[in-house]
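A short write-up of the structure that comes next.
Every read-out reported here was derived from the displayed coordinates using simple, explicitly stated rules and does not represent laboratory data. Being a predicted model, the structure only gives us computed values, none of them experimental. With ideal geometry, Cβ positions are generated from the backbone for all residues, glycine too; neighbour counts draw on all protein chains shown.
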Amino acid sequence: MTLTRRRFAARGLMMTAALLAAAPAVAQAPTGKLVLYTSQPEKDAAQTTAAFKKAYPNIEVDIFRSGTTEVMGKLSAEISAGQPGADVLLIADAASMEVLKGQNQLLAYPGAKTEGFQPGSFDADKTYFGSKLITTGIAYNTGAKEKPTSWTDLDKPAYKGQISMPSPLYSGAAAIMLSTMTARPDLGWKLFEGLKANEAVAVRGNGAVLKSVASGEKSYGVLVDFMAYNAKKQGSPIDFVFPKEGAPAVTEPVAIIKSTKNEAAAKAFVDFILSDAGQKLALWMGYIPAKPSIGIPSWLPEGTKINVMASDIAAVVKATEADKARFATMFGN
Amino acid sequence: MARLTIDRVQRSFGSYLALDDVSIAVEDGEFLAVLGPSGCGKTTLLRQIAGFDKLDGGRISIGDRLVSSADIHVPPEHRKLGIVFQSYALWPHMTVAENVAYGLTVAGVRDPERSQRVSEALELVGLNGFAERRPGMLSGGQRQRVALARCLVTEPSLVLLDEPLANLDVHLRASMEEEFARFHERTGRTMVYITHDQAEAMTLADRIAVMDRGRLLQLATPSQLYREPANITVAGFIGEGMVLPAAILSTPQAGSCNVSVLGIEAVVRCRPDQRVTEQAKLCLRAGDIGIASTRYGGLPATVERLSYQGGHFRMEARPAANRDILLHLDVAEPSPAQPGETIRIAIGDGWIIPEGVSLDKAA
Amino acid sequence: MRISLADPATLRTRVEEMGLLWGLVGLVALLSLLPIGRLVVEGLAPGGQLSATALGKVMASPATWTATWNSLTTAIAGTILATLIGATVALLATLTDIRARNAFTFCFVLPLMIAPQVTALAWLQLFGPSSTLLKLIGMAPPLGSRNPLYSREGIILLLGLQYAPLVFLTLRAGLRALPKELIEAGLAAGASPLTVLRTVVLPLMTPPLVAGIALCFVSSLGNFGIPAFLGIPGNFLVLPTLIYQRLAGLGPGVLSEVAILSLLIGVIAMVGILLQDVMLRRRDFRITTTSSAARPFELGRWRRPVEIGLWSFAILVLAMPFLGLLSTSLIPAFGVPLNAKTATLANYAYVLFEHAASRRAFVNSFLMSAGAATLIVLICVPLGYFIVWKKSRALRLLNLAAELPYAMPGVVLAIAAILLFLKPLPVVNVSLYNTIWIIVFAYLARFLVLGLRPVISGYLQIDRTLEEAAQIAGAGLPRRLVTIIFPLVAPAAVAGALLVFLTAFNELTVSALLWSSGAETLGVVVFSFEQGGDSTYASALAAVTVVVTIGLMASTSLFAQRLPQGVLPWRD
């Protein structure tokens, strides 16, 4: 019998609670109900709200958790019916946030404490704020013959027919990855043409990539870091590399919906996510915190310097339709 | 009171007139047969009486109660009548006893009266030992009896029977016919019996309503229907009547007149008001004609076919005067003539079909 | 003398019938037309402004027509395959003397329980380079070679396998109403069993067969899981995946586009159903005799080969995906080989004892699916009565509309439900939003047609004089429905209820948008696990679900003695 991660989780939560108790008390504690829509994995969502409640015991949090597409679908419908149900939103990628910002649905929070965060990790207009870095690199089955180090390795003949990747047509994070990488002169569409020539398959999401690589159906996969490391930690025959050109990243941003009826509580939630306690929670859950001074997760080999591929979200949002269309024609039959 | 009055009933499906101005008055306790070929409208009429279908025009009353008209429609469940369906319509998920008891349960009759009446009804149709069986385990005749018991147990004053014998074999038919007759006698219910079998209708009914293409052709006692058909269709349909063109030579006297048919003269029955005309139609039954006793009387005809009927032959012959007509007659054994030979036919009786009289209006 | 119109008994009957009719019209309109209407509004007049922008954009996009073509071809071919499999198996399992047919029926309908993505993964592994089976017979393709299932043909194959039980169940319900005389009459006339099958059995079975085919077609058309798994790698688009793609693509006006694409699916589904109507028109399928079920055809020396064939097929479609689930649920992490050293029950311990939401979801899903199945049968029996026997024109149109919520992707129906119920209901001022009831509503709307098709085919096979006889006996409509009609259509209704229950139980797409804290469904929890990379928990929960459902279905046999014969599909 193997001990599950959950046992650690319980112990860890106590640790976080202790950590939070030491946090400075808020002058006027906000109260009331707060509705959070999130696409975080379920256990992370539960831990985030539990920790938040410890910090703000008078706020009651209702949570809706689903896939990014489902969360955005629900929110779009609610917006269309004139009554968004969420107060705060915590979803995988900034592109979706840009869309909402464009529809004037996000509330700017100029007072958010962004000191110590890198300027690129939050919106210049302070409508959304990155909470962590989720990078995309290359995962490989430990039985694979090659050990990739660069994105361009995937174009080599030795990888032919053995690559899977998340489809940008169905995953927002993958769409950002596509537009970020194709905008790079050293990678560009040439990389994807090589992937096409190598018969790479695009699947619906990171979960599917993980399965195909872990099961050995494919030897290599374009995958987010934490999923690969979590699986590895539990014993999956899988390993992960940050390619030397850099890893495209999404920031899992948090934002306040403009129509919120409890602005104080919503701001408290953003404060919490950006606070050192909130950042440490992200670190403890196995993510790379958005605030570099907090540290890096234990799964990263000592001294790893993560080279995040710079990305201009506004440009990505602009290019994404055309990029996806081009991708679709390339990987079509 | 269970008079059934059908008054100028109309029903059409699209452009097709399924019931065209049909009127019938059924007396209390009468056994009426509705006879006609399939598609004649008899089933439509039954469904109207039962209330499964709505009228376009006319009225139907049961007793003193108006049940159907253009704007009144009492649903079947409130008409308090009984039906025996052609398919028996026994509920396969219930036992025989449950099938029979259903109407009583609906009417709020409780045990022990209910089970008492159920066993009486089963007794009546001779099925006492079958109460706990399912309909699927019964033979055709037994199912028919269950259907009858189910129909009777609620003692409806009007009973409709929709070709109840059509699915039974010949032997069973005869005994069921008898049973219906006895039953009618014993209970005195008003019965409307739908059938396409004229023998059945003749045997059972007090009166017969003959229908064709949505119209009532004649409503009369079986004997009247046979002897005095009201029109060509009834004449041809009932008892295989032969219809011949004839000229009336004299005004009626004591219900008879002289006619000229196929070149010979004969005395036949007719209506007292029959006028003298060249354009009359004469209805002959097989029994009305025979081989002439003299060599010179009668009309000459060529024998075409002989078929043995047990004890006598049925002979078909073509008269020389009109080769389009085929006459048939019964001749005793041994046959006096063979196919190809010429015989002379004498006309002993006949009936002049009344012209242009619509019987349902006359009645 | 004249009896007034207000003859009280007549009046009461009329009020009862009219009340029931218009109640049903209202209910079906509420379940089917209302969500569709809301989508039409969203598609053509987003925000209340009439606009053809979205319509133009969708119609002008070549992707729309590619996806439409692909949807049509896969749905039609998948339906043909499912019909061939389902009908053959139903005929063999019902009319011949194979042994253990109850157990077989049981096994054959169970795959409906297993989510399409699980089946898809199992088959991918079967045909892929890592296939244990292919390795065993030395035919495994080299590592990295393209899986042949990532194709149109792969999608058709899995759709055919997934939906064969739909044809099987509806046809089996019909076959059990077939009296032995009809078969014996054919045999007595000197026809061979195959001729009797072709000239007597199949023609009489047209209603259930057509109903099963129609269900298959609409199910295949609306299926998301299989093309999502097998089509995305080859960028093989069908309408549901195109819709999901659009939804993921965000951007302004996305809801309008999604609504219009969904209506496109709806239109195709309705054309299919109209064809079904044409096929059934002007023919008489009623079975008028009331004898016991047919004596089975003796297969003679073919019995053993047929049994082997049937069972290997059942094992292939049931056991394979189930073993896939089972093996994943027993390992600590995906990809770890299963052996004595690695095997663990920790995943089960976690989903059964530690994860409160799993247990809650189990109860929720069970109650909601069973509740939806029961309600749908209660709606469908009177509904079928008015559609088939009373030929109510309003309901015949609604009968078509009932297809729509089932044909469109669940996520779209969920969006329609959100648009409808976000604000509290007018007049009563009660909000269904964020309660379990919005999911129940969506289930009723979505799965109504699964219950309705078998019931309608059931009515087409019943001789109506059985009802008329009860009417003559004085029974009003409510009593006739309960005592006569319901028992007569019960086999078809139970088949329908079973379809609803099994489909709703592992449903994900609707509840993924509609669940709220405390109202989780099994699909939502499994999906959450999958998304977080916890396939092992997801598999454990899914495996428990299958086992518990088998238990529940088996336990019905305990009180089967008290049910009319032929009601439970897996009991002769």
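If Rh is defined by the Kirkwood formula over all Cα pairs and Rg also comes from Cα, what ratio Rg/Rh do you get for segment A:182-238?
1.04
Treating segment B:4-227 as a set of equal point scatterers at the Cα positions, no solvent, please give the Debye-formula log₁₀ I(q)/I(0) at q = 0.08, 0.10, 0.11 Å⁻¹.
At q = 0.08, 0.10, 0.11 Å⁻¹ the computed log10 ratios are -0.29, -0.45, -0.54.
Based on Cα coordinates alone, diagonalise the gyration tensor for segment B:286-329, multiply each eigenvalue by 5, take square roots, and list the semi-axes in whole Å, largest first.
The equivalent ellipsoid of segment B:286-329 has semi-axes of 18, 14, 8 Å.
Please list, short to long, the whole-number percent of alpha-carbon pairs of segment B:241-300 in consecutive 5 angstrom bins beginning at zero.
Spelled out per bin, shortest first, that is 4, 19, 27, 26, 16, 7, 1, 0.
Gap in Å between the Cα centre of segment C:315-372 and the Cα centre of segment A:110-164?
Rounded to whole Å, the Cα centres lie 32 Å apart.
If you wrap a convex hull around the C-alpha atoms of chain A and split its volume per residue, what is the figure in Å³?
137 Å³
Using the C-alpha atoms of chain C, what convex hull volume per residue, in cubic angstrom, is computed?
Output value, Cα hull per residue: 188 Å³.
Quick one: P(r) of segment B:238-362 from all Cα-Cα pairs, 10 Å bins, percents rounded to integers, in order of increasing distance.
Final binned percentages: 13, 43, 30, 12, 2.
Please report the equivalent ellipsoid semi-axes of segment B:174-331, computed as sqrt(5 x eigenvalue) of the Cα gyration tensor, largest first, in whole Å.
Its equivalent ellipsoid spans semi-axes of 33, 21, 14 Å.
Sort the following peptides by mean Cβ neighbour count (other Cβ atoms within 10 Å, averaged over residues), highest first: B:201-209, B:114-122, C:220-228.
The densest-packed peptide leads the list: C:220-228, B:201-209, B:114-122.
Structure shown: which of A:Lys267/A:Lys305; A:Lys74/A:Lys233; A:Lys33/A:Lys74; A:Lys318/C:Lys423 lie over 25 Å apart, alpha-carbon to alpha-carbon?
Pairs exceeding the cut-off: A:Lys267/A:Lys305; A:Lys74/A:Lys233; A:Lys318/C:Lys423.
Would you mind checking which residues have amide H under 5 Å from A:Asn307's amide H? H placed 1.01 Å from N; only 5 or more apart, or other chain.
Under 5 Å from the amide H of A:Asn307: A:Ala247.
Taking the Cβ of C:Leu91 as the center, what net charge do the other residues with Cβ under 14 Å away carry, scoring Lys and Arg +1 and Asp and Glu -1?
Around C:Leu91, the charge tally is +3.
How many Cβ atoms of partner chains, on average, are near each residue of C:237-248 if near means within 10 Å of its Cβ?
Taking all residues of C:237-248 together, the mean is 4.
Suppose R0 equals 41 Å. What FRET efficiency, 1/(1 + (r/R0)^6) with r the Cβ-Cβ distance, do C:Arg12 and C:Leu55 give to the nearest 0.05?
Step by step, r from the Cβ atoms, then E = 0.25.
In whole angstrom, note down how far apart the Cα centers of segment C:528-558 and segment B:302-359 are.
Cα centroid to Cα centroid, the span is 85 Å.
Taking chain B as the reference, fit the longest principal axis to its C-alpha atoms, fit the long axis of helix B:96-106 to the helix C-alpha atoms, and give the angle between the two in degrees, 0 to 90, nearest 10.
70 degrees
For segment A:266-325, what relative contact order do you get, as a whole percent, if you take Cα pairs closer than 8 Å and at least 6 residues apart?
Reported as a whole number, the value is 17 percent.
So if I average 1/r over every pair of distinct C-alpha atoms in segment B:42-133 and take the inverse, what Kirkwood radius in Å does that give?
On the way: mean 1/r = 0.0658 Å⁻¹.
It is 15.2 Å.
So for the protein assembly as shown, what percent of the C-alpha to C-alpha distances run longer than 47 Å?
48 percent
Semi-axes, largest first, in whole Å: what does sqrt of 5 times each Cα gyration tensor eigenvalue give for segment C:337-415? Walk me through the intermediate numbers first.
Working: eigenvalues 376, 46, 31 Å².
They are 43, 15, 12 Å, listed from largest to smallest.
I need to check one value: relative contact order of chain A, counting alpha carbon pairs closer than 8 Å and at least 6 residues apart, in percent.
Relative CO of chain A lands at 24 percent.
Going by C-beta contacts inside 10 Å, put C:Val218, C:Val430 in order with the fewest on the left.
On the way: C:Val218 28, C:Val430 11.
Listing C:Val218, C:Val430 from fewest to most nearby Cβ atoms yields C:Val430, C:Val218.
Shielding by partners for A:33-43, please: the mean number of other protein chain Cβ atoms within 10 Å of each residue's Cβ.
Mean partner shielding for this stretch: 3.
Give me the Kirkwood hydrodynamic radius of segment C:294-434, using the inverse of the mean 1/r over all pairs of distinct Cα atoms, in Å to one decimal.
With all distinct Cα pairs of segment C:294-434 included, I get 21.3 Å.
Return A:Asp93, A:Asp186 ranked ascending by Cβ neighbour count within 10 Å, so the fewest neighbours appear first. Don't jump to the answer; show the numbers that get you there.
Values: A:Asp93 25, A:Asp186 12.
Sorted ascending by nearby Cβ count, the order is A:Asp186, A:Asp93.
What ranking of C:Cys380, B:Cys40 emerges when the number of other C-beta atoms within 10 Å of each C-beta is taken as an exposure proxy, fewest first?
Fewest-to-most Cβ neighbours within 10 Å comes out as B:Cys40, C:Cys380.
Find the Cα radius of gyration of segment B:121-199, compare it with 2.2 N^0.38 Å by division, and give the number to two decimals.
Compactness ratio reported: 1.07.
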